[in-house]
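The values are calculated or read from the model by the stated rules, or taken from the named source; none is laboratory data. As the structure is a computational prediction, the values presented were derived from the model and not from experiment. Cβ coordinates were reconstructed from backbone atoms using ideal geometry, including for glycine residues, and neighbour counts include every protein chain displayed. Only protein heavy atoms, including side chains, enter the accessible area calculation; ligands, DNA and RNA are left aside. Shrake-Rupley method; radii C 1.70, N 1.55, O 1.52, S 1.80 Å.
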Amino acid sequence: MDLQAPVQYVKGVGPQRAESLSKVGVHTAEDLLLHLPMRYEDRRSFARVADLVPGMRVSVSGEIAVAGLRRARRLTIYEVRLDDGSGRLKAIFFNQPYLKETLGRGKKVVFYGLVERDAMASRLLVMRSPQYEIVEKDEHGGIHTGRLVPVYEKLGTLTVKPLRRVLAHLAEQVPPGLEDPLPPDLRARLSVIGRGEALRRVHLPGDTDRLELLNAFRSPGHVRLILEELLLFQLGLARRRSGVRAERKRAAFEVKDAAREAVKRILPFPLTGAQRRVVREIADDLRSPHPMNRLVQGDVGSGKTLVALLSMVVVIENGWQSALMAPTEILAEQHFLTLRRLLKRCPYRVELLTSAVKGREREAALARISSGEAQVVVGTHALIQEGVVFHRLGLAVADEQHRFGVLQREELRKKGYDADVLVMTATPIPRTLALTAYGDLDVSIVDEKPPGRTTIRTELRSASERREVVSLVRRAVAEGRQAYVVYPLVEESEKLEDVKAATEASEEWSAALPGVHVGLLHGRMKSAEKEEAMGAFARGEVQVLVSTTVVEVGVDVPNATVMVIEHAERFGLAQLHQLRGRVGRGAAPSTCVLLAYGRLSEVARARLDVMVSTEDGFAIAETDLELRGPGDFFGTRQWGMPTLRVAHLIRDRDLLERARTEAFRLVGDGAELPPSLARFLEQGGWERRFGLARVG
Ligand code: ADP
Ligand code: MG
């Protein structure tokens, strides 16, 4: 049987159903087979009618002794009595008059359903609309009853019963010896069964399959299919990574004495242990003849900027340039100021290139970048996208960009740079996701905060307690501290009404806090205005900054000790955590107030409770992943997250680890991959299979 045959030709499908299936991404027989049951029911043993009590969910087998169709108001009711020799069970079906033909008197049938007391005659037991099956000859049961029965989620226009029928037939035709991408020795090492057997057994579980394992997605068939998918995916990642490792960059950098000297001059404080470790990991990459491709993860405030800076110094001292790219212009400007301050005792030229740099000034900056006079260039992604010409770009650092991965590295290469790439993110990424979305990067973790940080107290408040929140802000300001008040407007979609709301909010806060300077920052402001608003807050001229989420990432004002998040129920966990990270950056105790309005949904409540109970970004990320599911974790599906059909990143963590180890072992050995696996990785098959094919 050809698993790649169009699904239309699968028995029971046909052109119409095939069309509805193609809309949900099912094009071939194999696609259909990979639609696994969502659960299984044990309908193996038949209960005796005489033993039934209300509440049981059972299969009964017998003969239709009485049957009749009647009408009640607008309903038609088909009513039968099933006789199994021990007693008679009533069953009723609504609005299915055609059952008169299929479930007529004398038919041998199996019913599966819930046993209830009859509304009409309370001594009588009844099943309402049970699953039924006509028993041919003498066999007991069939597809829908009398066995471990798979229950499917609807697929296209195919509902559970037709789907079960189609898949039962299809699975029956899968030969046990079906071609298998996993060669026998690999299967033996993983202790998994063959592909053909697995595809059959998940749809047609046999006597050896156990209900609990099936329902936990851990039956031998499940384990085999899930491991296969994860292994193939990890194999592609392993291969990509080894590809990068095999490249040679134009210059391997040395860690020179001059760099050590510069670092001593720069450091305003001793590095934390974690910073030191990560800097060492990066230095090893810089020294290596192969390009660096590293992700640095560290919670907000863990001091990633300094780590990036020290890496840049090493590169500069080798006579190469470094670029630092931020997601927004505000952040780029802030980085520029920070770097200039830290580098003031070093002879390096730091260049800022944003859209605000225009005209002649811009030309001059571009000239300094292309001549190599500018050693550090700070900007947004436009730096690589818009063809800024570097003299010799040695290191590209992408800050707060968990999306910046291999793709951008290739973009750099197309522009003729083989720079080392460092990606920094404060979004804690649960390990399962990190292994999947960033499986081709090396990862360093800054898991320690600089000393002297106090914990942030987080309070959940309702709208009725707003007054107390206002006075909390007033007290902080009276003590010389500053506060953020954040409103839930998404930058991209900020409409005029939203801006109006933010403006009004700032006026309200201003009125509630006489004598206090209240500033406003939102995404619709021109970048010069934003810079002015941020600058005034950073200098302490403005004490309360009312803002949309533009302050979310990276902003660093240590004197700010209060963060009020309005409509906290509307924010995602990752975003709440980022926002909270704007305070607690100095030595003074800080508070984060989550101001929630209205009745909270269960999920919103769970999110806010997690925020109150922990400051640990990784714990928060894990919860987030569980509340939202992997597809939504990053907000929108984006490059890097594969389309998985049978595996589930949360449920299958354990199998993911096994798959990863095995995949990296297979590729790492340097030995030839088994031909079936090598073929799969060739010609874009891997990208297509996991939906990672590149557009354009
Ligand atoms: P993030 O990892 O969120 O980007 P930053 O690099 O902005 O963190 O650092 C947060 C704050 O911690 C900054 O004010 C920075 O100057 C300070 N900092 C960084 N490293 C140290 C250190 N080793 N000791 C003390 N303070 C540090
Ligand atoms: Mg930062």
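What distance in nm separates the two pseudo spin-label positions at Ala588 and Arg73, each 7 Å out from Cα along the beta-carbon direction?
The answer from the label model is 6.9 nm.
Over the Cα atoms of segment 347-464, compute the convex hull volume and normalise it per residue, giving Å³.
Taking only Cα atoms, segment 347-464 has a hull volume of 205 Å³ per residue.
Report the FRET efficiency, 1/(1 + (r/R0)^6), for Arg287 and Ala606, where r is their Cβ-Cβ distance and R0 is 56 Å, rounded to 0.05.
0.75
Can you tell me the order of 247-259, 313-325 when each peptide is scored by its average per-residue count of other Cβ atoms within 10 angstrom, highest first?
For the peptides 247-259, 313-325, the packing ranking is 313-325, 247-259.
Measure off 7 Å from each Cα along the Cα-to-Cβ vector at Ser464 and Arg280, then give the distance between these two points in nanometres to one decimal.
Going by the 7 Å Cα→Cβ label model, 5.6 nm.
Kindly rank 654-665, 174-185 from highest to lowest mean number of other beta carbons found within 10 Å of each residue.
Put in order of decreasing packing, that is 654-665, 174-185.
Provide, in order from the shortest bin, the percent of all Cα-Cα pairs of segment 140-192 in each 5 Å bin, continuing until the bin that contains the maximum pair distance.
4, 16, 18, 15, 13, 15, 13, 6, 0
Report the label-to-label distance for Glu532 and Ala65 in nanometres (one decimal), using points 7 Å from each Cα along the Cα→Cβ vector.
Placing both labels 7 Å along Cα→Cβ, they lie 9.1 nm apart.
Mind checking which lysines have their Cα closer than 19 Å to the Cα of Lys414? Skip sequence neighbours fewer than 8 apart in that chain.
Partners found: Lys249.
Please report the net charge: other residues with Cβ closer than 12 Å to the Cβ of Arg660, K and R +1, D and E -1.
After counting each charged neighbour, the total is 0.
Using DSSP to call loops (not H, G, I, E or B), can you name the chymotrypsin sites (Phe, Trp or Tyr not before Pro) in segment 571-625 whose Cβ has at most 13 other Cβ atoms within 10 angstrom?
In loop regions of segment 571-625 (DSSP not H, G, I, E or B), there are no sparsely surrounded chymotrypsin sites (Phe, Trp or Tyr not before Pro).
Under 17 Å Cα-Cα from Lys108, which lysines qualify once same-chain neighbours fewer than 8 residues away are excluded?
The reachable lysines, counting only those whose Cα sits under 17 Å from Lys108, are Lys90, Lys100, Lys137.
In 10 Å bins starting at zero, report the fraction of Cα pairs in segment 1-125 per bin as a rounded %.
11, 29, 23, 24, 13, 1
Reachable lysines from Lys23, Cα under 17 Å, same-chain residues fewer than 8 places away excluded?
Cross-link targets: Lys154.
Please work out the Kirkwood hydrodynamic radius for segment 72-164, using every pair of different C-alpha atoms, and report it in angstroms with one decimal place.
After inverting the mean inverse Cα-Cα distance, the result is 14.7 Å.
Counting only heavy atoms of the protein chains, get the accessible area per residue of the chain (1.4 Å probe) and round it to a whole Å² value.
45 Å²
Let me test this: with uniform point scatterers at the alpha carbons of the chain, what is the Debye-based log₁₀ I(q)/I(0) at q = 0.08, 0.09, 0.10 1/Å?
With no solvent term, the Cα-only Debye profile gives -0.79, -0.93, -1.04.
Carbon and sulfur: what percent of the chain's accessible surface (1.4 Å probe)?
Heavy-atom surface of the chain belonging to carbon and sulfur, 1.4 Å probe: 51 percent.
Compute the signed sum of charges (Lys and Arg +1, Asp and Glu -1) over the other residues within less than 13 Å, Cβ to Cβ, of Ser510.
Every neighbour counted, the sum reads -2.
Based solely on its DSSP helices, what 222 nm [θ] is calculated for the chain when runs of n ≥ 4 H residues each add -39,500 (n - 2.57) and the sum is averaged over all residues, nearest 500 deg cm²/dmol?
So the helix-based figure for the chain works out to -11500 deg cm²/dmol.
Using only Cα atoms, figure out Rg for segment 239-386 and give it as a multiple of 2.2 N^0.38 Å.
1.07
Tell me, in nm to one decimal, what length is gained between Leu114 and Asp83 on full extension, where the rule is 0.36 nm per residue of separation less the Cα-Cα distance?
Result: 9.5 nm gained on full extension.
Using 1/(1 + (r/R0)^6) with R0 = 45 angstrom and r between the beta carbons of His567 and Ala216, what's the FRET efficiency to the nearest 0.05?
Efficiency, from the Cβ-Cβ distance: 0.70.
Grab the Cα-Cα distance for Ala50 and Glu507, subtract it from 0.36 nm times how many residues apart they are, and report the gain in nm with one decimal.
Net length gain for the segment: 156.9 nm.
Of the peptides 263-272, 416-425, how do they stack up when ordered by the mean number of other Cβ atoms within 10 Å, highest first?
Descending packing order for the listed peptides: 416-425, 263-272.
In the neighborhood of Leu82, defined by Cβ-to-Cβ distances under 13 Å, what is the net charge if each Lys or Arg adds +1 and each Asp or Glu adds -1?
+2
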